[in-house]
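The values are calculated or read from the model by the stated rules, or taken from the named source; none is laboratory data. Since this is a predicted model, take the numbers as computed values, not measurements. For neighbour counting, all protein chains shown are included, and Cβ atoms are generated from backbone atoms with ideal geometry for every residue, glycine included. Areas reflect the complete protein model, heavy atoms only, side chains present, ligands, DNA and RNA absent. Shrake-Rupley method; radii C 1.70, N 1.55, O 1.52, S 1.80 Å.
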Amino acid sequence: MKKLLTRLVILGVVAFIAVFVGSFMIIKNRTKTFTEPPKVTQETLQRGEYVARLSDCAACHTAPGDQEYAGGLAMQTPFGAIYSTNITPDKTTGIGNYTLEEFGNAVKHGVRKDGAPLYPAMPYASYTLMPDEDIAAMYAYFMQSVPAIQKENGASTFPWIISMRWPVAYWQMLFAPIRDFEQNTQLTELQNHGAYIVEGPGHCGACHTPRGIAYQEKALSNDSSDLFLSGALIDGWRAKSLRGEGQGLKTWSEDEIVEFLKTGRTDKVAAFGAMADVVEHSSQYWTEKDLKATASYLKTLSPAPNKSLELATKKDTTTDLLLSGKFMNDPGAVLYVENCNICHRMDGEGVPRIFPALNQNTAITAQNAQSVIQVTLEGGKMPNTPADRMAFAMPGFNHLSDDETALVINFIRNSWNNVAPEISAQDVAEIRHFLANKAPNITSVKEDK
């Protein structure tokens with residue numbers, strides 16, 4: 001028995017060493033050579049700045065109110081929080097000592113300067129599609145045009161066993177293959193360009209595609225599965241389906257998609273949560289061609305599996321009820337009139353481009369109400385863009401009890417033409433607990449002078 005145990009221990013140690021060493025071989029095979037570009041021109045720097053905007057680097061690598069690209073944004077995961085890193089050209093805390101090859105391998109292949117694999121919070125599974133020329137232009141922009149900010153990177157709050165880097169190499173091998181963008185012959189040239197943006201630098205799937213048990217995106221393109229962009233929960237928010245069903249983009253026109261990406265709002269809806277950051281830092285800067293290509297491609301996507309093609313609706317009896325004043329026996333209606341009506345109005349239609357409509361708003365009637373609960377408790381702010389004179393903010397209503405919050409949300413989700421599953425006070429309590437225990441963002445310490 002002792003000999004058997006000894007052999008098993010030896011086999012276990014050998015197996016562990018083999019797996020450990022194997023991770024380094026995987027990383028070595030992922031790193032590629034990037035040819036040094038010719039002399040950098042002003043055109044190169046402008047291209048690099050645009051690619052950085054198209055890739056939405058600032059939204060993740062900027063803490064609210066802090067220096068752009070200095071990192072410190074807390075990203076919540078099921079295992080704990082991870083902080084985005086400083087990607088300014090500071091030589092001690094940023095990427096100032098990165099070569100083009102090291103920068104390219106980090107962005108496209110998920111391999112850090114020291115050879116360690118990057119956590120999949122970095123969307124290298126999408127960025128791998130980007131051409132080396134764009135990576136070189138972006139590198140030049142970061143090194144020559146972005147101010148260097150000295151700011152230490154924050155440590156993750158992952159448990160020790162999950163924080164180890166070397167097992168991530170196997171995750172990358174399984175779920176983040178190095179690949180090139182493949183044109184779809186059934187799409188137009190413009191739609192294929194949109195597909196490249198959505199699958200590649202735009203990395204829309206990082207938020208809008210559901211994730212599996214290993215936290216991997218269940219599909220990296222529409223060609224692999226119609227789960228691609230079918231909606232997901234991330235960082236406490238519900239990222240809506242971008243496919244062609246009722247709760248997705250079926251009722252959206254291409255022009256409305258362009259308008260939303262460019263300005264963060266339409267006459268009916270407004271970006272909030274993480275999507276507001278995307279608009280403010282990224283999509284408002286996209287060219288008209290890139291906006292139209294993205295919208296045109298998204299409208300080609302079929303409905304998500306097992307999703308209703310149409311929105312469930314009913315006859316509006318709410319507007320007359322509220323206008324009559326005979327609603328005092330309905331506590332949800334009372335809470336709505338006291339807290340919401342002044343902006344969103346008796347008919348639930350809000351004010352175009354100022355206060356979003358609540359009636360037939362798919363963010364409101366989603367099967368999962370996590371985003372509705374979170375924005376009700378925490379509030380939100382529209383993105384700032386030149387398209388509108390003001391960016392309006394919604395205050396948080398966390399002074400309401402869990403029961404009161406559930407009552408008013410259920411009233412909104414099932415009033416006017418809306419039909420949606422009801423939530424419970426426990427659902428509200430869980431989101432309130434999540435918000436209270438989120439890891440804080442890290443901002444730079446500014447010395448008084």
Contour minus Cα-Cα distance for Gln150 and Met164 (0.36 nm per residue): 2.4 nm
Paramagnetic label zone (point 7 Å from Cα along Cα-to-C-beta, Asn437; backbone N under 20 Å) in region 209-242: 233-238
Rounded to whole Hz, the Karplus (6.51, -1.76, 1.60) HN-Hα couplings of region 137-143, x for glycine and proline: 5, 5, 4, 4, 4, 5, 6
Local net charge near Ala137, Cβ-Cβ under 14 Å (Lys/Arg +1, Asp/Glu -1): -2
Proximal charge balance of Gly396 [Cβ under 12 Å; K/R count +1, D/E count -1]: +1
Segment Ala312-Thr35, extension gain: residue separation times 0.36 nm, minus the distance between their alpha carbons: 94.2 nm
Amide proton proximity set for Thr77, modelled H, under 5 Å, gap of 5+: Ile82
Modelled FRET efficiency - R0 22 Å, Ile213 with Asp235, Cβ distances, 0.05 increments: 0.75
Local net charge near Gln247, Cβ-Cβ under 15 Å (Lys/Arg +1, Asp/Glu -1): +4
Per-residue ³J(HN,Hα) for region 80-86, Karplus 6.51 cos²θ - 1.76 cosθ + 1.60, θ = phi - 60°, Hz, x for Gly and Pro: x, 9, 10, 9, 5, 8, 6
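What is the percent carbon and sulfur in the accessible area of the chain, measuring with a 1.4 Å probe over the protein chains and ignoring ligands? Can you show the working numbers first?
Details: 12880 of 22430 Å².
With neighbouring chains kept in place, the figure for the chain is 57 percent.
Please say if region 110-182 is rounded, prolate or oblate, where rounded means a/c under 1.5 for a ≥ b ≥ c the square roots of the C-alpha gyration tensor eigenvalues, and otherwise the choice is prolate for a/b larger than b/c and oblate otherwise? Intermediate values should be presented prior to the final figure.
Details: a/c = 2.81, a/b = 1.14, b/c = 2.46.
Since a/c reaches 1.5 but b/c is at least a/b, the shape of region 110-182 is classed as oblate.
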Label-point separation, Leu190 to Asn414 (7 Å along Cα→Cβ), nm: 4.4
Amide H contacts under 5 Å for Lys381, placed H, 5+ residues apart: Gly273, Met394
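Using only alpha-carbon positions, what ratio does the radius of gyration of region 303-449 give when scaled by 2.2 N^0.38 Å? Walk me through the intermediate numbers first.
On the way: Rg = 17.4 Å, N = 147, 2.2 N^0.38 = 14.7 Å.
In units of the globular-protein estimate, region 303-449 measures up at 1.19.
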Options (1) 44, 22, 21; (2) 48, 29, 24; (3) 40, 27, 23 - which one matches semi-axes √(5λ) of the Cα gyration tensor in Å as calculated here: (3)
Förster radius 41 Å - calculated FRET efficiency between Asp267 and Ala121, Cβ distance, rounded to 0.05: 0.75
Rg to Rh quotient for region 202-317, alpha carbon positions, Kirkwood Rh: 0.96
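Please work out how much length the chain gains when fully extended from Thr300 to Ser224, using 0.36 nm per residue of separation minus the C-alpha to C-alpha distance, in nm with one decimal. Could you put the intermediate results ahead of the total?
Numbers: separation 76, 0.36 × 76 = 27.36 nm, distance 1.51 nm.
Residue separation times 0.36 nm, minus the Cα-Cα distance, leaves 25.8 nm.
Of the peptides 166-178, 356-368, how do they stack up when ordered by the mean number of other Cβ atoms within 10 Å, highest first? Could the numbers behind the result be given before it?
Values: 166-178: 17.2, 356-368: 20.5.
Ranking the peptides 166-178, 356-368 by packing returns 356-368, 166-178.
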